[in-house]
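Below you'll find the structure, written out as structure tokens, and then a few comments.
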Amino acid sequence: MSTIPVTHGGAPALANRQRALLIEYSMPLAYAVLFAVLAATVDNFFSVANVVGLMLSVAQIGMVACTMMLCLASRDFDLSVGSTIAFAGVLGAMVLERTGSVTLAVGAGLGAGALIGAGNGVLIAYLRVNALIATLATMLMVRGLAFIASQGQAVGINSDAFIAFGDTQVFGLPLPVLVAGACFLVFGVLLNHTVFGRNTLAIGGNPEAARLAGVKVEKLRVWIFLLQGLVTGLAGLILASRITSGQPNAAQGFELDVISACVLGGVSLQGGKARIFGVLIGVLIMGTVENVMNLLNVDSFYQYLVRGSILLAAVLLDQLKARGERRT
């Protein structure tokens, strides 16, 4: 009488689940360990003033990372965010200087950001221009517009009402930190609990399959970039209020910090995968490393080296995760 061998799939399945959990929570665990070590070894790191300062320093990166997450999840990216921040700040300061109206200044900055973002979306979605080329060209043109409009000079801000955007404290926290927190909440809900979020992940995973399923891929991509520009314009206005001027050379290299934070947070460069909590952890890692280097008086030249290394590590981590998922 023959016997049928019995296979036990429980152990491999359990190992796969454990591996998946380790991959999913590796960044939060790593940040918790990093924070504990720095709190114990670096003077003043765990002080209330420094922790609040840390959150304030990453507020603009966190805001823009929320929408960059959507771009990356849809298999696109935006290199023009740094230039958009500078231009929105300059334009808002110029409108405020000429009209004295905070409402008009804020509207101009937000409108400019939304227009730049929508323009990127049209170039990429409808005119089929590669995202790298389209947003690189926009980055250069918008930065040039910021210098032309301001004649290469900082545009001062004297309105207390406008400066309050960066100075106001609510529940002991600066207003930019609360705005960044609201962005994480809103875009977290948008990603995880709406058709918009599901469709964004769908076109990142497989654009053609999403189109066949009835998703208006081109229109959605334009909306994603419009949101990117709108939030970036808001970040530019808040930055201008914090430094009390619109600076045409502000936020240089900002886009690399934002992309690094997103990839560190588990947003796949291949599209179709994003987690808002992971992006928050990525933003905090980037800000914490920079904060500690400042506390330790690390030379700015070495800081560039460290930031570049983090970007490279983030990309390599994304590749390793993708290979691991294919094997499992």
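For the range 112-161, a tally of residues being surrounded by 20 or more Cβ atoms within 10 Å (Cβ to Cβ) and assigned to a loop (DSSP other than H, G, I, E, B) returns 1.
Among G188, G214, which is the only one that is of a type in the set (G, A, S), farther than 22 Å from A134 by Cβ and modelled with pLDDT under 95? Break it down into steps so the answer makes sense when it comes.
Numbers: G188 fails: modelled with pLDDT under 95.
From the options G188, G214, the qualifying one is G214.
Results for (1) open to solvent by 10 Å² or more (accessible area, probe 1.4 Å); (2) polar (S, T, N, Q); (3) touching an Asp or Glu at 6+ places or on another chain (Cβ under 9 Å); (4) farther than 15 Å from M286 by Cα, shown as yes or no for each residue.
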residue: A40; (1), (2), (3), (4): yes, no, no, yes
residue: D43; (1), (2), (3), (4): yes, no, no, yes
residue: S47; (1), (2), (3), (4): yes, yes, no, yes
residue: V51; (1), (2), (3), (4): yes, no, no, no
residue: A59; (1), (2), (3), (4): no, no, no, no
residue: G62; (1), (2), (3), (4): no, no, no, no
residue: T67; (1), (2), (3), (4): no, yes, yes, yes
residue: A73; (1), (2), (3), (4): no, no, no, yes
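For the range 228-328, which helices (runs of 4 or more DSSP H) that fit wholly inside it have 2 or more residues that are open to solvent by less than 20 Å² (accessible area, probe 1.4 Å) and within 30 Å of A112 (Cα to Cα)?
The qualifying helices (runs of 4 or more DSSP H) are 254-264, 276-295.
For the range 231-255, the set of residues classified as over 11 Å from I157 (Cβ atoms), of a type in the set (V, I, T) and more than 13 Å from the chain's Cα centre (by Cα) consists of I238 only.
So which of Q228, Q252, Q247 ends up being in contact with a Cys (Cβ under 9 Å, 6 or more places away or on another chain) and in contact (Cβ under 8 Å) with a residue 12 or more places away in the chain?
Numbers: Q252 fails: in contact with a Cys (Cβ under 9 Å, 6 or more places away or on another chain); Q247 fails: in contact with a Cys (Cβ under 9 Å, 6 or more places away or on another chain).
Of the residues listed, the single one that is in contact with a Cys (Cβ under 9 Å, 6 or more places away or on another chain) and in contact (Cβ under 8 Å) with a residue 12 or more places away in the chain is Q228.
For A180, are the conditions met, namely being modelled with pLDDT under 95 and either under 18 Å from M63 (Cβ atoms) or loosely packed, with under 15 Cβ neighbours inside 10 Å (or both)? Taking the combined requirement at face value, the residue does not satisfy it.
Just checking, does the range 90-107 include any residue being outside any helix (DSSP H, G or I), touching a residue at least 40 places away in the same chain (Cβ under 8 Å) and crowded, with 24+ Cβ neighbours inside 10 Å?
Going through the range 90-107, the residues outside any helix (DSSP H, G or I) turn out to be 100-101.
Then drop every residue that is not touching a residue at least 40 places away in the same chain (Cβ under 8 Å), which leaves 100.
Adding the requirement that they be crowded, with 24+ Cβ neighbours inside 10 Å leaves none.
Within the range 90-107 (the criterion being outside any helix (DSSP H, G or I), touching a residue at least 40 places away in the same chain (Cβ under 8 Å) and crowded, with 24+ Cβ neighbours inside 10 Å), the answer is no, since none of the residues qualifies.
Figure legend. Inter-residue proximity from the range 131-143: first residues touching a residue at least 40 places away in the same chain (Cβ under 8 Å), second residues among the acidic types (D, E) and assigned to a helix (DSSP H, G or I), beta-carbon distance below 8 Å, spacing 6+ or different chains. Indicated pairs: M139/E255. Tell me yes or no: at least one residue of the range 77-88 is open to solvent by 20 Å² or more (accessible area, probe 1.4 Å), within 29 Å of S159 (Cβ to Cβ), modelled with pLDDT of 95 or more and in a helix (DSSP H, G or I). So far as the range 77-88 goes, yes, one or more of its residues are open to solvent by 20 Å² or more (accessible area, probe 1.4 Å), within 29 Å of S159 (Cβ to Cβ), modelled with pLDDT of 95 or more and in a helix (DSSP H, G or I). In a residue-by-residue description of the range 205-222, the property of being touching a residue at least 24 places away in the same chain (Cβ under 8 Å), part of a helix (DSSP H, G or I), among the aliphatic types (A, V, I, L, M) and open to solvent by 40 Å² or more (accessible area, probe 1.4 Å) applies to no position.
One line per residue, one yes/no per condition, for (1) at pLDDT 95 or above; (2) not in a helix (DSSP H, G or I):
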residue: L29; (1), (2): no, no
residue: L34; (1), (2): no, no
residue: F46; (1), (2): no, yes
residue: A49; (1), (2): no, no
residue: V52; (1), (2): no, no
residue: M63; (1), (2): yes, no
residue: M68; (1), (2): yes, no
residue: C71; (1), (2): yes, no
residue: R75; (1), (2): no, yes
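Which ones in the range 183-196 are open to solvent by less than 60 Å² (accessible area, probe 1.4 Å), touching a residue at least 40 places away in the same chain (Cβ under 8 Å) and out of contact with any Phe, Trp or Tyr (no Cβ under 8 Å at 6 or more places or on another chain)? Selection gives C183, F184, F187, L191.
The values are calculated or read from the model by the stated rules, or taken from the named source; none is laboratory data. These numbers were taken from a predicted model, which means no experiment stands behind them. With ideal geometry, Cβ positions are generated from the backbone for all residues, glycine too; neighbour counts draw on all protein chains shown. Heavy atoms of the whole protein, side chains included, go into the accessibility calculation; ligands, DNA and RNA do not. Shrake-Rupley method; radii C 1.70, N 1.55, O 1.52, S 1.80 Å.
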